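The values are calculated or read from the model by the stated rules, or taken from the named source; none is laboratory data. In this text, all values refer to a predicted model and were calculated from it rather than measured experimentally. Cβ: placed from backbone, ideal geometry, glycine included. Neighbour counts: every protein chain shown. Surface accessibility is based on the protein's heavy atoms, side chains included, excluding ligands, DNA and RNA. Shrake-Rupley method; radii C 1.70, N 1.55, O 1.52, S 1.80 Å.
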Amino acid sequence: MSKIGVFICHCGENIAAKVDCTRVAEVLGDHPGVGASVEYKYFCSDPGQESVKRAIRENNLTGVVVAACSPRMHEATFRKACAEAGLNPYMCEIANIREQCSWVHNDGEQATDKAIDIIRSMVEKVKRNNMLQPIEVPVTRRALVIGGGIAGIQAALDIANAGQEVVLVEREPSLGGHMAQLSETFPTLDCSQCIMTPRMVEASQHPKIRLLTYAEVEHVDGYIGNFKVKVRMKARYVNKDTCTGCGECITKCPQKKLSSEFDCGIGKRTAIYTPFAQAVPNKPVIDKDNCTYFKNGKCKVCVKSCPLDCIDFEMQDEFIDLEIGAIVVATGFQVQNNAVYGEYGYGKYADVINGLQFERLASASGPTSGKILRPSDGKEPENIVFIQCAGSRDPSKGVKYCSKICCMYTAKHAMLYAHKVHGGKSNIFYMDIRAAGKGYDEFTRRAIEEDEAGYVRGRVSKVWQENGKLMVRGADTLLGRPVEVAADMVVLATAMVPQPDAKDFAKVVGIGYDEYGFFNEAHLKLRPVESSTAGIYLAGACQSPKDIPDSVAQASASASKVLALFSKEKLEREPVIAVNNEATCAGCWGCVLACPYNAIEKKDILDRSGKVIKRVASVNPGLCQGCGTCVTFCRSNSIDLAGFTEKQIFAEVMGL
Amino acid sequence: MSIEQQYRTRAKELLSSGEVKMVIGYSKGSTPDRRRPAFISTPEDVETLVLDGACIANLSGYLVTEGLLSDEKRVAVFLRPEGIRAINILAAEFQLNAAQVEILGFNTEGNEPTALSGSKVDDFAELIGTLKGIIPDTAGEELYKKLEAMSPQERFDFWQSEFSKCIKCYACRQACPMCYCRRCIVDNNQPQWVNTSSHTLGNFEWNIVRAFHLSGRCVECGNCDRACPVNIPLRLINRKMAGEVLEAFDHFAGSSQTQEPVMASFKKDDTETFIL
């Protein structure tokens, strides 16, 4: 016979203001199988939890229903309290009479009736609850970090420095990401490469980090603590074990006029190339699509020039299988294609460039060795117009959000321009100056006050070419009049957008993404670095636009999450998993296909002589996530979900 | 030689050579217009086989009789195109090994059966391809059109009055080759989701559950329709579901033995019109 304890929480006034808790306690006290029915102001408080424990011991309760807030809040609290009082924690359930009752109803009378129904229904469920035991799964203590930009490198270093193994995967030929492309960084104006490259070297030489560059994650299987990951090692056509990075092949390659991705199209590169001088690893790859040999079957100049015979045109993509315990996704961002702004002439006029291209012009390692020169004729521009929010905060171009970094880097660009081209005049069209951050507002003030950046509040409507000048027409909304500026160069502060393949990649890894393609965190405020999939964490601009300090902070945060996971040898998991009744299973194996976690296997039932009598489905408890997809699919009702069995659900429904 | 004689000879050969251990076909029934399934294991008995315009039942369901195919031996069976599609589904759902099935294929046009060439299920792939989207048996076509023209309320009333006749004999389930479960959901009484008594709610629950369980699997052989003792036009519910599945997922049940069950598989480009 069940003896269920019902504990009705007032939640201060949150519940009690609408629900007559005294009446609820009286009615439930008379419900069959209820051994105790009490109310209290805050059951989640220490004395509240004590009273639950005492009631369990004194009344020998067989189950507990706490009628309170959402189980998301305090289910764990009360299950723990029950366990401390000697009751199996899975005999405790929460009846949500706050979010689903008192908060959403005006009429107290009806809310009270509804609360009674909700609790009664849960009492009927608990009567049929089973004493479940948590599942222990082993944890593979090896992390996978996807993306070798600053966020990925930071996460990898933090994890590796704590003594755990890391595999760092980067799809480009070199580590570095976008930060390696930048000139100076705000708000301190230290050289980006000077602070970035030591981190790259450290990551590549760290004994605990296995670096896989020019590699892509193809497939992720498994679950927290036990992921199975397939990585494609793209063919470099250069044996990176024997290559010393002497660069002979690069100097000899006849194909010299390819647009350099690293220099955002402003610089040129060869077909066999390293993206930049400090690349890690500093070993070239062959761009198969543009290599003369791959196109025409003739050339092989690089083969002849290589003193160590490292070049192998027969090389094929290889696959590596990894066993991984936790994954940090740090795949970064891209800049929006400014061609969406036809009126600004990007792509039409050579001297209309985006912010990242300006970084390459200003960078000491860039195609102009840090001189600000116009791409069209190589002359020093006397007047530059910067257009902020070229993409951001413009729903009509598909980017509703603020890219967060553009106000700062535009101020930086104006400063760098003032420092490098004395007497150069800059005009910055802006909507607002958003400079929240340590030293940020001071930085933009410095641009205005010391480096004489001319800020014009207003949007630009059109850019066109006239007499060798770029004419910029906009509005000065503070003066309330139209302005026209004749400029030598226009720099668009382009929006940060997700990687073009972010949505597909999210499906490969098994995480959620928002309407744009930025990856979703589990909770925007309280779990900002965890994805909704257990064991997968997020770092950097793949989650939302971020600057370097934010990316690094998030990377360290996700590293600490990984290390917390790796602190134990085994992981305890909720025993809410599917269980198959092999006696009634028809072996159609629809569930095997339907299961999104590949947790259901085919199983032969043999007789003593080893003959197959029957073939059925069998759930792997380590892999099952308890989503219930198989339960809804199973036509013969053979699969059931522990903790949410059909019997329990049916009783709950009938209890209403 | 008549097609009947031709197939008798073929059946005899198969049995005499030991190629198959049994031939499942049709024999005379209790009335001139009815045929009864025949299970023939000796060459002498093939003379009782009948093949004419009255041979319309889908015999594929007998193949999944517990233990029939577990000795790895082969069985020959008379099948119309719907029956051949049913073999594909049963194979796709791992209920039988299609290599164990020798098909004696035929079609019935008008009142005369015609032979279909091929003996393995894959031999009929081309034929099945041409059938996609075509209703195999036009029985009830007029009523179906009438139902489609109705408002949801009228349609609901129609089915309510039809289902009110249901006596829960489950003959439709017994006749259906796709109802191979060892324990049907209605036989599960812990909990009793589907009410067993013959009142409106229970009748609705049963018939709707069956329609859902058959969506993307029904080949419209009409076995259920013919088995129903109270003449509920059951095939029309399944026809509706087959149309929906074809339209939404381009899924034609029984196209091949590797076809993934539509309700258990998903593709990235599946339509999501049902997500509001």
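Quick notes on this structure:
- In the stretch B:41-58, the qualifying residues are those that are touching a Ser or Thr at 6+ places or on another chain (Cβ under 8 Å) and part of a loop (DSSP other than H, G, I, E, B), and the one that is surrounded by the fewest Cβ atoms within 10 Å (Cβ to Cβ) is B:53.
- Identity of the residue in the stretch B:148-178, of a type in the set (Lys, Arg) and part of a helix (DSSP H, G or I), that ends up most open to solvent (accessible area, probe 1.4 Å): B:155
- Of the strands (runs of 3 or more DSSP E) entirely within the stretch A:118-207, those holding at least 2 residues that are of a type outside the set (A, V, I, L, M, F, W, C) occupy A:135-138, A:165-170.
- Among the residues of the stretch A:387-416, those that are among the β-branched types (Val, Ile, Thr) and either more than 16 Å from residue A:453 (Cβ to Cβ) or not in a helix (DSSP H, G or I) (or both) comprise A:387, A:399, A:405.
- Any chance residue A:210 is closer than 29 Å to residue A:289 by Cα, outside any helix (DSSP H, G or I) and open to solvent by 40 Å² or more (accessible area, probe 1.4 Å): yes
- Selection of strands (runs of 3 or more DSSP E) fully inside the stretch A:417-477 by the criterion of at least 2 residues being surrounded by fewer than 16 Cβ atoms within 10 Å (Cβ to Cβ) returns A:460-466, A:469-476.
- Lone qualifier among A:11, A:44 - being open to solvent by less than 30 Å² (accessible area, probe 1.4 Å), outside any helix (DSSP H, G or I) and closer than 26 Å to residue A:644 by Cβ: A:11
- Residue tally, condition over 30 Å from residue B:97 (Cβ atoms), part of a helix (DSSP H, G or I) and in contact (Cβ under 8 Å) with a residue 60 or more places away in the chain, over the stretch B:113-147: 3
- Residue match in the stretch A:558-572 (condition: free of Cβ contacts under 8 Å to residues at least 24 places away in the same chain, over 22 Å from residue A:144 (Cβ atoms), open to solvent by 40 Å² or more (accessible area, probe 1.4 Å) and not acidic (Asp, Glu)): no
- Residues in the stretch A:597-643 that are under 21 Å from residue A:132 (Cβ atoms), part of a loop (DSSP other than H, G, I, E, B) and within 13 Å of chain B (Cβ to nearest Cβ): A:634, A:637, A:638.
- Residue check for residue B:186: among the β-branched types (Val, Ile, Thr), outside the structural domain of residue B:55 (by TED's automatic domain parsing) and assigned to a loop (DSSP other than H, G, I, E, B): no
- For the stretch A:483-506, a residue qualifies if it is more than 14 Å from residue A:427 (Cα to Cα) and either among the acidic types (Asp, Glu) or part of a strand (DSSP E or B) (or both), and the qualifying residues are A:494, A:496, A:497, A:498, A:501, A:504.
- Residues satisfying the stated conditions in the stretch A:561-596, i.e. out of contact with any strand residue (DSSP E or B) (no Cβ under 7 Å at 6 or more places or on another chain), over 25 Å from residue A:539 (Cα atoms) and not in a loop (DSSP other than H, G, I, E, B): A:590, A:593, A:594
- The stretch B:249-269: number of residues that are open to solvent by 40 Å² or more (accessible area, probe 1.4 Å) and over 17 Å from the mean Cα position of the chain (by Cα): 9
- Within the stretch B:250-266, the residues that satisfy the criterion of being touching a residue at least 24 places away in the same chain (Cβ under 8 Å) and within 14 Å of chain A (Cβ to nearest Cβ) are B:251, B:253, B:257, B:258, B:259, B:260, B:261, B:262, B:263.
- Pick from the stretch B:4-32, criterion closer than 25 Å to residue B:111 by Cβ and aliphatic (A, V, I, L, M), ranking: surrounded by the most Cβ atoms within 10 Å (Cβ to Cβ): B:23
- Verdict on residue A:271 being closer than 24 Å to residue A:203 by Cβ and of a type outside the set (D, E, K, R): no
- Annotation: of all residues in the stretch A:508-535 being open to solvent by 30 Å² or more (accessible area, probe 1.4 Å) and more than 26 Å from residue A:564 (Cα to Cα), the one that is nearest to the chain's Cα centre (by Cα) is A:514.
- Top-ranked residue of the stretch A:27-41 - restricted to ones that are over 41 Å from the mean Cα position of the chain (by Cα) and assigned to a loop (DSSP other than H, G, I, E, B), ranked as farthest from residue A:91 (Cα to Cα): A:30
- Of all the numbered requirements in (1) within 14 Å of another protein chain (Cβ to nearest Cβ); (2) at pLDDT 95 or above, residue B:94 misses one, and that requirement is (2).
- Residue in the stretch A:637-653 that is within 23 Å of residue B:178 (Cα to Cα) and open to solvent by 30 Å² or more (accessible area, probe 1.4 Å) present: yes
- Residue that is nearest to the other protein chains (Cβ to nearest Cβ) [pool: residues in the stretch A:573-596 that are open to solvent by 50 Å² or more (accessible area, probe 1.4 Å) and over 23 Å from residue A:132 (Cα atoms)]: A:593
- Of all residues in the stretch B:210-234, those being open to solvent by less than 20 Å² (accessible area, probe 1.4 Å), more than 14 Å from chain A (Cβ to nearest Cβ) and not in a loop (DSSP other than H, G, I, E, B) number 3.
- Of the numbered criteria (1) closer than 30 Å to residue A:119 by Cα; (2) at pLDDT 90 or above; (3) touching a Pro at 6+ places or on another chain (Cβ under 9 Å), the one residue A:594 fails is (1).
- Considering the stretch A:478-507, and only residues there that are within 14 Å of another protein chain (Cβ to nearest Cβ) and in contact (Cβ under 8 Å) with a residue 12 or more places away in the chain, the residue that is surrounded by the most Cβ atoms within 10 Å (Cβ to Cβ) turns out to be A:506.
- Residue count for the stretch B:195-209 under the criterion of being at pLDDT below 90 and within 14 Å of another protein chain (Cβ to nearest Cβ): the result is 2.
- Top-ranked residue in the stretch A:402-453 [being hydroxyl-bearing (Ser, Thr, Tyr) and in contact (Cβ under 8 Å) with a residue 60 or more places away in the chain; ranked as nearest to residue A:391 (Cα to Cα)]: A:403
- Output for the stretch B:98-119, where each listed residue is open to solvent by 30 Å² or more (accessible area, probe 1.4 Å), out of contact with any strand residue (DSSP E or B) (no Cβ under 7 Å at 6 or more places or on another chain) and modelled with pLDDT under 95: B:109, B:110, B:111, B:112, B:117
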